[in-house]
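Coordinate-derived values only; no laboratory data. Because the structure is predicted, anything quoted here is derived from the model rather than measured. Neighbour counts run over all protein chains shown; Cβ positions are idealised from the backbone, glycine included.
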Amino acid sequence: MLADDGNQAAWPTADVIVGNPPFLGGKRLRSVLGDVYSDRLFAAHRGKVPADADLVCYWFARVQEEMTTGRVRHAGLVATNSIRGGANRRVLEPIAAAGNISMAWSDEPWTLDGAAVRVSLVGWGRGQATAPVLDGVAVPAIHSDLTAGVANLTTARRLQANAGVAFIGTMKKAPFEVSGVEARMWLLEPSNPNSKQNAAVLAPWSNGNRAVQRCLRARLLRRGRMPPRAARYRSCASVPVGLAFRML
């Protein structure tokens, strides 16, 4: 992808490019590839690929660039199925807007060396597709989210009337959980040395997934940025930061 000097590596002219580029989530690029390579990758693709996009997106952008300059005629690449949304989808938007996606499989199982993932397969060419096929079915056109509905939902915009009404909410980061029985015991314990009840650092918690699954009652230990304060609570002091409890 990059030459030794940090610029884009030179690719030979080709009629067709077919490949299975590496997948790596945008948030893991620095930890896996290192700061130096990541910074060079971002700089070489600034304005072409969002910095938080998956690594596989850089191959899509580069192939499209080669195709636009006439150095490639057709391409078919495998991608993580997350290419259909978020920052990843940005690399598919110019391809879909030009009507160039000729075939795609939006969400397929993929097993390689024991790793089971879900992938999207996308094929496109330099000209507008005349008979696009999505998931084995002929469609009028394929959108950048790899759907083909009459309504192109990728063009949807936020409703101003909903501004400030909703928020992404809390996201539990710690993987360790304790039983509801122990959480209830903590709530019933007498005061701590600081004269506070455990309820001061135990807060009701829920999210959309729990609401859908009708699992609504949970407690979250509110430690976050205040470990010295939480440490003054006997039962809670040994719990990892961000610990969430099961249904109470």
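Taking Cα centroids, how far is the range 21-68 from the range 114-139 in Å?
Each part's Cα centre sits 22 Å from the other's.
Provide the three semi-axes, in whole Å and in decreasing order, of the ellipsoid equivalent to the range 1-104 as defined by the square roots of 5 times the Cα gyration tensor eigenvalues.
22, 17, 12
Distance in nm between label sites at residue 141 and residue 184, each 7 Å beyond Cα in the beta-carbon direction?
Distance between label points: 5.8 nm.
Which trypsin sites (Lys or Arg not before Pro) from the range 5-64 combine a DSSP loop assignment with at most 14 other Cβ atoms within 10 Å?
Taking the range 5-64 and a limit of 14 other Cβ atoms within 10 Å, the loop trypsin sites (Lys or Arg not before Pro) found are 46.
If you average the sequence gap of Cα pairs under 8 Å that are 6 or more apart and divide by the length of the range 101-176, what percent do you get for the contact order?
About 25 percent, as a whole number.
If I model a spin label as a point 7 Å beyond the Cα along the Cα-Cβ vector, how far apart are those points for residue 36 and residue 113 in nm?
Computed distance between label sites residue 36 and residue 113 equals 2.4 nm.
How many nm separate the modelled label positions at residue 153 and residue 126, each set 7 Å beyond the Cα in the direction of the Cβ?
It is 3.5 nm.
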